[in-house]
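The values are calculated or read from the model by the stated rules, or taken from the named source; none is laboratory data. All values derive from a computational prediction rather than experimental measurement. FYI the Cβ positions are ideal-geometry reconstructions off the backbone, even for glycines, and counts take in every protein chain you see.
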Amino acid sequence: MARTPCQRLNRMLFALGDGNIAVLAVSWVEFRGRTAARRFRDISDTYGTGQFNDEMLDAIAEIAAWAPRP
């Protein structure tokens, strides 16, 4: 994807809980055309392609620090 960069990337983390806490990471990625978007989806849908990075893990750890202990 280095040859076909995205035009826009937005990410959010949601903390969901009912006594237990789950963190949901959502990304919205926009490309110039369907071909680039399809290539990106094919890569991201492949297991082991590295879905998490340090920034995301830091954010998850910060949310976990706020969560009450069971």
Worksheet item: Among the residues of the stretch 40-59, is there at least one that is surrounded by 10 or more Cβ atoms within 10 Å (Cβ to Cβ), touching a Leu at 6+ places or on another chain (Cβ under 7 Å) and at pLDDT 80 or above?
Response: no
Flagged in the stretch 32-48 as assigned to a loop (DSSP other than H, G, I, E, B) and in contact (Cβ under 8 Å) with a residue 12 or more places away in the chain, in numbering order, are ARG32
Out of curiosity, is GLU62 at pLDDT below 80, outside any strand (DSSP E or B) and over 14 Å from the mean Cα position of the chain (by Cα)?
yes
When the stretch 8-27 is checked residue by residue, the ones that are loosely packed, with under 10 Cβ neighbours inside 10 Å and more than 14 Å from ALA59 (Cα to Cα) are ARG8, ASN10, LEU16, ASP18, GLY19, ASN20
